[in-house]
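Accompanying notes for the structure given below.
Just so it is clear, none of the values below were taken in a lab; they were calculated from the coordinates. Treat the numbers as computed from the prediction; the structure is a model and nothing was measured. Here Cβ is always computed from backbone atoms with ideal geometry, including for glycine, and neighbour counts include all displayed protein chains.
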Amino acid sequence: MRTSLSLAALFATLAVGAIAQAQQPINPYGTADVAGPASDPPQVVDPYANPYEGYPPPPAYGYQPPSAGPGPSYAPPSYQRGYYLYPTGQQQYPVYYAPPAGGCCCDPCAQYHQQPQVQYPYPYQYSYPPTTSLYKPKPTERIRRFSLGVHGTVLGLNNAIGKNDMTLGGAGIQLRIRSKGRFGLELNQSFLGGDAFNGAVQRTTFPFQFSLMLYILPNNDDRHFNIYGLVGFGVQADTLKVRDENGNFASQDFIEGEGHVGLGAELRWKWFALAADVRALGFLRDNSSAPASYYVGQTNAIVAERGWGMSGNVYVNLWF
């Protein structure tokens, strides 16, 4: 009887222990202290973690350097929508350049706009020609070689008639020829007249002069002021009328040779010029015919055998 109660109590204890073990809660973290199968703990999500970590990266946007290896083949160099396409050694890829200032890349007329200069990797360079030129060639300089003009002259002589010196005045014409440099020549014809003794002696003189000229500055339109010297010779015809005691005039004609030197200045504005000079003259009377032969040896002749004078001249010239 006692044995039966002992066995019953043992079985009851085992049954209660089994029931208690069966009702024990399962540890969600799967520790070894709790009965039941162990399981992996849940992963904690980091809000700052990269959600794409461990995945292939997304495609890159914008300009990317070329990868190793041969690149794609592109068309020959051209300007399309702001891109220059050109080869770069073993690799070929597009390179972007900003469009020219003030222009547009997509305008149909963009090909007529001046484009910026582009330096290629290989030794070749192109640039558009300039639309305007800053250099303007100087026009061909014109050389004026010939001039025609008129002049006024005053001639003072040392040939005294009695106690009065003879002074002549008048006008004339002249032709001047110039080289491109500093040399020139002049042909001068004057018509002079004067009197002495209150008109008792009247003289008309027609001097013709040939002169070689030397200018300080070369001949061109840019130089308005110039100085010149001259030397030459000439011949002049003289006609003198002398009134006798009856009031009648007797006429006598003479021929004289002359030589002269002078110094002058000129103001010229292209085709128009003003000039003035002073000349010293020496005269030699021709005694080969009458009436000059009647005065040979006379110191107070109406026309001196040898004489001298000074003249002042003012010119107006037109240059061609």
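From the Cα gyration tensor of segment 146-224, with a ≥ b ≥ c the square roots of its eigenvalues, which class applies: rounded if a/c is under 1.5, or else prolate if a/b is larger than b/c, or else oblate? Since a/c reaches 1.5 and a/b is larger than b/c, the shape of segment 146-224 is classed as prolate.
For segment 146-319, the residue among Ala265, Asn226, Ala160 whose Cα projects farthest onto the positive side of the dipole built from Cβ charges is Asn226.
For segment 146-319, a Kirkwood radius taken over Cα pairs fed into Stokes-Einstein (25 °C, viscosity 0.890 mPa s) yields D = 142 µm²/s. Taking 0.36 nm per residue of separation and subtracting the current Cα-Cα distance, fully stretching the chain between Asn198 and Trp271 would add 21.9 nm. Under the convention that each Lys and Arg Cβ holds +1 and each Asp and Glu Cβ holds -1, the size of the dipole of segment 221-320 around its Cα centre is about 240 debye. Highest mean first, the peptides 204-214, 188-198 sorted by other C-beta atoms within 10 Å per residue fall in the order 204-214, 188-198.
Placing R0 at 41 angstrom, the Cβ-Cβ distance between Leu185 and Asp165 gives a FRET efficiency of 0.80 after rounding to 0.05.
Annotation: extensible slack from Arg142 through Ile255 equals 36.5 nm (criterion: 0.36 nm per residue apart, minus Cα-Cα distance). Here the extension length gained between Asn287 and Val316 equals 6.8 nm, from 0.36 nm per residue of separation less the Cα-Cα distance. About the centre of its Cα atoms, segment 146-319 shows a dipole size close to 580 debye [charges on the beta carbon of Lys, Arg (+1) and Asp, Glu (-1) only; nearest 20 debye].
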